[in-house]
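Structure record follows, encoded as structure tokens.
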Amino acid sequence: MLFYTAQRLVLSVVIVMVAVSILTLMLHVVPGDPAVMILGPRATPELIERTREAMGLDRPLPVQILMFFANILRGDLGEDVFTGRAVSQIVFEQLPYTMILISVAILWSAACGIALGAYSALRRNTWLDTLSGVVSVGTISIPAFVMALYSVLIFAVWLGWLPAIGAGDGFLDGIVHLILPAFAIGVAWVGYIARIVRASMLEVMTQPHVRMARAFGLPDRRITRSHILKIAVLPAVTLIGTGVAHLFSAAVFVEVIFARPGIGALLVGAVNERNYPIVLGAVLITTCIIVLATLISDLVVALLDPRQREDI
Amino acid sequence: MSTQSTAAPADDTLLAVEGLSVDFETPRGTIHALRDIDLTVPKGKVLGIVGESGCGKSTLAYSLIGLLAENARVASGAIRMGDHDLARLAPSAWRDLRGTRIAMIFQDPMTALNPVTTIGQQMLDIQYRDRIGRNAKRARAIEFLEQVQIPDAASKLAAYPHQLSGGMRQRVCIAMALLTQPDLLIADEPTTALDATLEMQIVALLRDLQRKFGCSVVFVSHHLGTVAELCDDVAVMYAGEVVERGTARALFHDPQHPYTQALLDCDPARIKVATRTLPTIPGTLPDLRQPPAGCAFRARCPRSWGRCERDHPPLYPGAAGQRVRCHLSDPAEDAA
């Protein structure tokens, strides 16, 4: 298990490096010179040249990427092109907002999704099962930003129940401001998780060990909990692990729509300004979190399923 | 509080199946999987149920513990055990009987245990009704693992099923079934998934433990050798009917029904002359959506004649005290 974790961590580092390298390449394909963006349209060619040199943009691309990684090892993610503040400081200021948004979205969608999936499997072919199937497929196919726009329209503009903008001040206000964005990015996941849990429960329910538990007269609740659900949630855990990446991209839209601070909003702003150090820093941290989330979900699965633990 | 049951079984009978019929509703029609089954399971004895695949022997076993598939329905008949009619039992009453008076061992030990829970926890779980401490329950679990000759039993409590071999897992299942001290143990082909050497070990173990604990056993198998080894009484099933039943001795030494005879002829262990091809019974089972009017075995029977097509044979008394569902055993045929 320990060896497996170490192995996975090394692999994670490689994944992060590849991801950041690809991103650097992509940034260079995007039209627009960062030096020109900083200095404005009336800068002299000499000044632009000097700024490019200072930013390291005149060196070959591989050298730029290597320099970036060398700086990371020293804990230096570079500086904001405009303000000169440390990128790491800016990113870690914004990160908590996004992390809270994503965590709340995962928690509520997992809780609702597992409950809904379990209910559908136990009462399959009832009207509630059919309804949950239709609603699940419906919510899965609606993009998070559409969901965000309509939830703003309905709950903030028409009904005026919930705030539409910002992250709020203080704990309670923060929670109130979280409701709509967390709903918007989580609602599709309720459907995903419910579908997965339902299918996997129906499969587990036919397995002989469930019949054996019945043959011993175990109470239905206990059979459902420790003989069916305990196994049926495993695919959902894996799904949530990979889902973190999707949630980050959904958070980009939702943070812009709700004018919330966060990594997504930071990224959009930085890309528009060609503020390369911030883009790279934000993507680096996001990639790390996504890779870590996949690792954690794999470890949780191994923790819940002794058969997987054996292979590890 | 005894009820005034008129059909109370005799004292040495634990369970009596009376005219039991079970149907399966399928999209392509109703399958009459069991038809008019009459059987008794004596106290402390082993009843073997044999027959080829699809003859309804597992359906019969599952109906005795109320675990038939959702599309199955008891069409008629009764299963009497004490004052209960198991064929008409409510789900909650079933739950009270399972794991107390009736227990079951399943065919495939590889999948019968919960893969994500330790053996020990599963053995504690089935004792949920007992009002004794956790340590006492653990001690009982170890005691029964030792009964089924699992070496180093205490350490196995922490093991997960996948860490044990198939034979070990089936021993665990037997230990769990016996732990509940049932009056009736149903074993549905418990050795089919195991290899031959293990099979005889498990059968010998079952025989010893049955004698030790004195419970009744319904042993379902298509392996005649294990049935001969283990069972006091045997019922031979064909196409959802009991075609011959009696003591194991009578059935194996003096089989009367042509199907029983054919089945015994096909047993490789009984073939005396070297042969390149193993014998088979030609033909296949009849379609159980429309069971044939006369004798179900007629189409495959080498000795059938006109009457077999018209009359459905009842169970006639056979030569060695058994009951035989064949017109050949009709005393009136001899007289004619």
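The values are calculated or read from the model by the stated rules, or taken from the named source; none is laboratory data. None of the values given here were measured: they were computed from a predicted structure. In this analysis, Cβ positions are derived from the backbone assuming ideal geometry, glycine residues included, and neighbour counts consider all displayed protein chains. Note: areas computed on protein heavy atoms with side chains; ligands, DNA, RNA excluded. Shrake-Rupley method; radii C 1.70, N 1.55, O 1.52, S 1.80 Å.
Among the residues of the stretch B:276-318, count how many are modelled with pLDDT of 85 or more, farther than 17 Å from B:Ile31 by Cα and small (Gly, Ala, Ser).
4
Could you tell me how many of the residues in the stretch B:81-106 are within 19 Å of the chain's Cα centre (by Cα) and open to solvent by 60 Å² or more (accessible area, probe 1.4 Å)? Outline the logic, then answer.
Filtering the stretch B:81-106 down to residues within 19 Å of the chain's Cα centre (by Cα) leaves B:81, B:85-87, B:94, B:97-106.
Among the residues that remain, those that are also open to solvent by 60 Å² or more (accessible area, probe 1.4 Å) are: B:101.
Residues flagged as within 19 Å of the chain's Cα centre (by Cα) and open to solvent by 60 Å² or more (accessible area, probe 1.4 Å) within the stretch B:81-106 amount to 1.
Quick one: which strands (runs of 3 or more DSSP E) lie wholly within the stretch B:25-126 and hold at least 2 residues that are more than 17 Å from A:Arg211 (Cβ to Cβ) and away from chain A (no Cβ under 14 Å)? Before the answer, list the steps.
Details: elements: B:29-42, B:46-50, B:72-81, B:102-105.
Once the strands (runs of 3 or more DSSP E) in the stretch B:25-126 are filtered for at least 2 residues that are more than 17 Å from A:Arg211 (Cβ to Cβ) and away from chain A (no Cβ under 14 Å), what remains is B:29-42, B:46-50, B:72-81.
Looking at the stretch A:232-240, is at least one residue open to solvent by less than 20 Å² (accessible area, probe 1.4 Å), closer than 30 Å to B:Leu178 by Cβ, among the aliphatic types (A, V, I, L, M) and within 14 Å of chain B (Cβ to nearest Cβ)?
no
For the stretch A:300-312, state whether one or more residues are modelled with pLDDT under 90 and away from every other protein chain (no Cβ under 14 Å).
No, that holds for no residue.
I'd like to check something: does the stretch A:6-13 contain any residue that is over 30 Å from A:Asp305 (Cβ atoms) and among the aliphatic types (A, V, I, L, M)? Let's see the steps before the verdict.
Let us first name the residues in the stretch A:6-13 that are over 30 Å from A:Asp305 (Cβ atoms), namely none.
Checked the stretch A:6-13: no residue is over 30 Å from A:Asp305 (Cβ atoms) and among the aliphatic types (A, V, I, L, M).
Quick check on B:Leu198: is it surrounded by fewer than 24 Cβ atoms within 10 Å (Cβ to Cβ), farther than 16 Å from B:Gly120 by Cβ and at pLDDT below 90? Spell out the reasoning first.
On the way: surrounded by fewer than 24 Cβ atoms within 10 Å (Cβ to Cβ): yes; farther than 16 Å from B:Gly120 by Cβ: yes; at pLDDT below 90: yes.
Yes: the conditions hold for B:Leu198.
Among all residue pairs at least 6 apart or on different chains, which show Cβ distances below 7 Å where the first residue, located in the stretch B:196-213, is closer than 18 Å to B:Ser165 by Cα and the second is open to solvent by 40 Å² or more (accessible area, probe 1.4 Å) and of a type outside the set (Asp, Glu)?
Partner pairs satisfying both residue conditions: B:Leu205/B:Gln149.
For every residue, the table says whether it meets (1) within 11 Å of chain B (Cβ to nearest Cβ); (2) surrounded by 18 or more Cβ atoms within 10 Å (Cβ to Cβ); (3) among the hydroxyl-bearing types (Ser, Thr, Tyr).
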site: A:Asp169; (1), (2), (3): no, no, no
site: A:Ile175; (1), (2), (3): no, no, no
site: A:Val190; (1), (2), (3): no, yes, no
site: A:Leu218; (1), (2), (3): yes, yes, no
site: A:Ser226; (1), (2), (3): yes, yes, yes
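Looking for something farther than 24 Å from A:Pro34 by Cα, surrounded by fewer than 22 Cβ atoms within 10 Å (Cβ to Cβ) and among the small types (Gly, Ala, Ser) - is there at least one such residue anywhere in the stretch A:263-278? Spell out the reasoning first.
Kept after step one, since they are farther than 24 Å from A:Pro34 by Cα, are these residues of the stretch A:263-278: none.
Among the residues of the stretch A:263-278, not one is farther than 24 Å from A:Pro34 by Cα, surrounded by fewer than 22 Cβ atoms within 10 Å (Cβ to Cβ) and among the small types (Gly, Ala, Ser), which makes the answer no.
Considering only residues that are under 18 Å from B:Gln181 (Cα atoms) and surrounded by fewer than 17 Cβ atoms within 10 Å (Cβ to Cβ), which ones fall in the stretch B:107-123?
Within the stretch B:107-123, none qualify.
Give the stretch B:290-317 a look and list any residue that's closer than 14 Å to B:Tyr238 by Cα, touching a residue at least 12 places away in the same chain (Cβ under 8 Å) and charged (D, E, K, R), or say none.
B:Arg300
Is it true that some residue in the stretch B:139-155 is more than 21 Å from the chain's Cα centre (by Cα) and within 14 Å of chain A (Cβ to nearest Cβ)?
For the stretch B:139-155, residues more than 21 Å from the chain's Cα centre (by Cα) and within 14 Å of chain A (Cβ to nearest Cβ): present.
Is at least one residue of the stretch A:179-186 under 29 Å from the mean Cα position of the chain (by Cα) and open to solvent by 20 Å² or more (accessible area, probe 1.4 Å)? Let's see the steps before the verdict.
Keep residues of the stretch A:179-186 that are under 29 Å from the mean Cα position of the chain (by Cα), which gives A:179-186.
Those left that are additionally open to solvent by 20 Å² or more (accessible area, probe 1.4 Å): A:179, A:183.
Yes, because at least one residue in the stretch A:179-186 is under 29 Å from the mean Cα position of the chain (by Cα) and open to solvent by 20 Å² or more (accessible area, probe 1.4 Å).
How do the pairs read when you match residues in the stretch A:158-171 that are farther than 20 Å from A:Leu95 by Cβ with residues anywhere that are open to solvent by 40 Å² or more (accessible area, probe 1.4 Å) and not in a loop (DSSP other than H, G, I, E, B), using Cβ under 8 Å and keeping only pairs 6 or more apart or on different chains?
If the second residue must be open to solvent by 40 Å² or more (accessible area, probe 1.4 Å) and not in a loop (DSSP other than H, G, I, E, B), the pairs left are A:Trp161/A:Phe155; A:Leu162/A:Phe155; A:Leu162/A:Val176; A:Leu162/A:Ile179; A:Pro163/A:Val176; A:Ala164/A:Val157.
Could you check the stretch A:192-216 and list, in sequence order, the residues that are open to solvent by less than 20 Å² (accessible area, probe 1.4 Å) and within 8 Å of chain B (Cβ to nearest Cβ)? Write out each step before concluding.
Of all residues in the stretch A:192-216, those open to solvent by less than 20 Å² (accessible area, probe 1.4 Å) come to A:193-194, A:197, A:200-201, A:204, A:209-210, A:212-213, A:215-216.
Of everything in the stretch A:192-216, those that are open to solvent by less than 20 Å² (accessible area, probe 1.4 Å) and within 8 Å of chain B (Cβ to nearest Cβ) turn out to be A:His209, A:Met212, A:Ala213, A:Ala215, A:Phe216.
Could you figure out which of (1) in contact with a helix residue (DSSP H, G or I) (Cβ under 9 Å, 6 or more places away or on another chain); (2) open to solvent by 50 Å² or more (accessible area, probe 1.4 Å); (3) assigned to a loop (DSSP other than H, G, I, E, B) isn't true of B:Ala269?
B:Ala269 satisfies every listed condition except (3).
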